[in-house]
1. Take every residue in peptide A:3-12, count the Cβ atoms of other chains within 10 Å of its Cβ, and give the average of those counts.
2. Test of understanding: what is the full-extension gain from A:Thr198 to A:Ser344, defined as 0.36 nm times their sequence separation minus their Cα-Cα distance?
3. Could you sort A:46-54, B:26-34 so that the peptide with the highest average Cβ count within 10 Å comes first and the rest follow in order?
4. Average the reciprocal distances over every distinct pair of alpha-carbons in the protein assembly as shown, invert the result, and give the Kirkwood radius in Å.
5. Working from the pairwise distances between different alpha carbons, so that the mean of 1/r is found and then inverted, what is the stretch A:222-306's Kirkwood radius in Å?
6. Regarding the stretch B:4-213, what is the average projected area of its C-alpha convex hull, in nm²?
7. Using only the Cα atoms of the stretch A:177-275, what do you get for the radius of gyration and for Dmax, in Å?
8. How far, in degrees from 0 to 90, does helix A:34-43 lean away from the longest principal axis of the Cα atoms of chain A, to the nearest 10?
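What follows is calculated from the coordinates using simple rules that are stated; it is not laboratory data. If you're wondering where the values come from, they're calculated on a predicted model, not measured in any experiment. Here the Cβ positions follow ideal geometry from the backbone for every residue, glycine too, while neighbour counts run over all protein chains shown.
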Amino acid sequence: MSEKVLMKGNEAIAEAALRAGCRHYFGYPITPQTELTAYMAKRLPKLEGGVFLQAESEISAINMVYGVAGTGKRVMTSSSSPGISLKQEGISYIAGADLPAVIVNVQRGGPGLGGIQPSQSDYFQATKGGGHGDYHLIVLTPSSVQEMADLTHLAFDLADKYRCPAMLLADGTMGQMMEPVALPEETNCKVEKPWAVTGTEMKREHNIINSLYLSPEVLEKTNFERFERYAKIEKNEVRYESYMMDDAEYCIVAFGIAARVAKNAISAMRKEGFKVGLIRPITIWPFPKKAIREAADKVKGFVSVELSMGQMIEDVKLAEECLRPVLLCNRAGGMIPSVDQIISVTKELVEGGRK
Amino acid sequence: MKRMTLFCGHYGSGKTNLAINYALMLARKNLPVALADIDIVNPYFRSKDSKDLLEKEGVKVIALPFANSSVDLPALPSETYSLVEDRSRYAVLDIGGDDRGAYALGRFVPYILEENDYDMFYVVNFYRPLTTTVDEAITVMREIENACGLSFTGIINNSNLGAETTLEKIEATYERAKELSLAVNLPIVYVSAEKSIAKEDMVAISLQKRPFEI
């Protein structure tokens, strides 16, 4: 780890990507992630082999990512919610061609053009598909500027390891806030990519990057094989933080900025004698189902804190198998739940539990 | 003290906080002062955030009604011209980050040069990733000067690591600040620090209040 620097979340993602060996970035500016694009525009042309391209649209940017990913090089694009919607077709193609790539979504309020304030309302889009067809993204959710850097690095490694696109799902607050960060060391891809289109030099059969299959039998087989890989990801790559859960009677589930507000609510409630803990999913696909299910055996109920109309709450309910009540504590459209609101909803759960 | 004081520097170097504190300092000396938010780069963290505080202390705030209203509109109000036309008031200008932000200053430069009663301070934080070295700090400085057509008159060393700032961290940048000062032949006019850690020879800064604790 190097000496700490003071960075915006968006800048931390960009610098971490460069340190992970990413030399290709294609994007289109949009608030609140524009610093990421601007940082890449400043830094990439100065690096050997560095390519920065501001595409004419998000659709072209994601297809440029598709192209570079086929050559096995580490590649990234980033946007905010409306721009990520435009990228969905390309993301599905990248998943269908089994290519590693990193996509960053610094979410803002929606739907539609929405607003420029933070949101988590692209949870469904990120975890349940977004684009067409049977596929998943590995979805990582940072909760600090440090994690913006660390999880970006991890996203590249996981994408390469499992040959699938990975998404960093942040929000406007995470993108804009400044915190000290120790940047990761320089590394590069550690896995062989014999499938990459790099020129045969007439020494091997040519590789093909494709997501079109004329035979349904073959297409079905690729789907089943891909889901075997997804099963491995679900088995090996679940990440979450368990906070004050040892003696917890009530469990808050929250990620990203919501988890930070939740921690403040937990400290306040603990002072009043309420035993509240937090499970903070760091991967939302794969979702920490087992941790939630195990918590369900010990706690009296859950509160899902979200900057959306309630999306993750569905995964929480599936994971805890209807064993306990799950309440929603939410704000939407760019608003952030307050500590008081979280305390109030958690107390509702406590009251309900005592009935 | 010059009639106009301009705060320019790298994106996120602390210009807004310094400009607000500087304007408040003038107002507390009972001097007539206006602060202008001339940021066309960043829709967040604007000096307009502190409008209520500033106006209570007698600082006139010139900012686009849309500043920090979620309307991401890179524009300036026509009232901004009063900064250069009304010479009876001190003017503090909070300029947007980097060369991109400094472009907005260009239209006022002929008036500023004509009056020739200004300071333009280069705000530097050596803990920001694109200005960690003296060479990088000089690059950003020259980019800003080229973009706006004005030359800096002094340096403010605002090096900090946010909540992890310590006196040692600030002092660790003195050597670089001195080197920068010698290289560009400009004085270090202030070393600034958040008021809870600032020493006597530093300018103590009150930070803009965060909307909520995270």
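1. 5
2. Net length gain for the segment: 46.8 nm.
3. B:26-34, A:46-54
4. Here the Kirkwood hydrodynamic radius works out to 25.4 Å.
5. 13.7 Å
6. Details: hull surface 45.1 nm².
The Cα convex hull of the stretch B:4-213, projected and averaged over all directions, gives 11.3 nm².
7. Considering the stretch A:177-275 through its Cα atoms, Rg and Dmax are 23.6, 73 Å.
8. Compared with the principal axis, the helix lies near 40 degrees.
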